[in-house]
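The values are calculated or read from the model by the stated rules, or taken from the named source; none is laboratory data. Predicted model only: the values in this text are computed from it and were never measured. Note that we place each Cβ from the backbone using ideal geometry, even for glycine, and neighbour counts take in every protein chain shown. SASA here: full protein model, heavy atoms, side chains in, ligands and nucleic acids out. Shrake-Rupley method; radii C 1.70, N 1.55, O 1.52, S 1.80 Å.
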Amino acid sequence: MAKEEVRKHFRLAELLREEISDLPPHDPFPGERALAERYGTSRVTIRQALALLQDDGQIYTVHGAGSFVAPPRMMKQMKLMSFTEEMKQRGFEAITQLLSATLVNPEDDITDEFIVVSEPSYRIERLRIARQEPLSLEVTYITENNAPGLLKEDLTKSLYKILAFKYGQEITSADEHLTPIVLEGPESKLLQVPKGTAALRIQRTGYNVRGEEVERSLAVRQGSRWDFKYSIRN
């Protein structure tokens, strides 16, 4: 294959990047056929160019619906911090919408499969927002014993700060489990993305300085909005 032919989809990708820069996040992006007709090239070349854009996080694909403009990605380093701290580090103000907060007991019928409630615990569901865009849907469980009267606090603020300064329960370490998922109706509606959008399911268990469990949480974040950066050493 000629070198000129090999480079064609790279040049086309650059043209498409300019087009994407003028479009708002989650806008539909033209399909292969429309782009092939517009640029007078084969659908194979179009497909290769779109693959480059998807790898760069500039578009995302929803099965059966087509391609859409992806919002800019945020880089998350593997360092323990709250959502509020993550956004502050990036120069954004974090806004929290409290969806529900209640005290649940072991005999209550809860639907969150990631936890078994063995003692009275607070269940707090919140939508985390930055730059006027919902980025994370979070459900957090904290035992009543660790934070008595927690529901009286302003739960639109950082839970980590409330736990540290009000209850002396600073979270200093955590275990996280990341799983790729596809968003269903209720979650996609809250995060304002199409149903079937790729997402990350982040399950966290947070511990205080004594190694005691303080919180368990589950966060669902848009897959097109996050990169994870970490170092591996022996």
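Taking the conditions (1) open to solvent by less than 70 Å² (accessible area, probe 1.4 Å); (2) within 16 Å of Asn208 (Cβ to Cβ); (3) modelled with pLDDT of 90 or more in turn, Lys166 satisfies each one other than (1). What pairs come out if I take residues in segment 26-43 that are more than 27 Å from Glu133 (Cβ to Cβ) and pair them with residues that are open to solvent by 50 Å² or more (accessible area, probe 1.4 Å) and outside any helix (DSSP H, G or I) whose C-beta lies under 7 Å away, six or more apart or interchain? Close Cβ pairs satisfying both conditions: Ala36/Ser42. When the test is whether a residue is modelled with pLDDT of 90 or more, outside any loop (DSSP other than H, G, I, E, B), among the β-branched types (Val, Ile, Thr) and touching a helix residue (DSSP H, G or I) at 6+ places or on another chain (Cβ under 6 Å), Val220 passes it. Screening segment 185-200 for residues that are modelled with pLDDT of 85 or more and out of contact with any strand residue (DSSP E or B) (no Cβ under 7 Å at 6 or more places or on another chain) and picking the one that is surrounded by the most Cβ atoms within 10 Å (Cβ to Cβ) gives Ser188.
Scanning segment 126-140 for residues that are part of a strand (DSSP E or B), within 15 Å of the chain's Cα centre (by Cα) and not aliphatic (A, V, I, L, M) gives Arg126, Arg128, Glu133, Pro134, Ser136, Glu138. Checking Val214, Val209, Val220, Val182 one by one, the residue that is more than 19 Å from Glu93 (Cα to Cα), surrounded by fewer than 16 Cβ atoms within 10 Å (Cβ to Cβ) and in contact with a strand residue (DSSP E or B) (Cβ under 8 Å, 6 or more places away or on another chain) is Val182 and no other. Take the residues of segment 16-36 that are modelled with pLDDT under 85 and open to solvent by 80 Å² or more (accessible area, probe 1.4 Å): which is nearest to Ala49 (Cα to Cα)? Step by step, filter segment 16-36, then rank; the result is Glu18. Within segment 141-161, the set of residues being open to solvent by less than 60 Å² (accessible area, probe 1.4 Å) and either within 24 Å of Leu190 (Cα to Cα) or in a loop (DSSP other than H, G, I, E, B) (or both) comprises Tyr141, Ile142, Asn146, Ala147, Gly149, Glu153, Leu155, Thr156, Ser158, Leu159, Tyr160.
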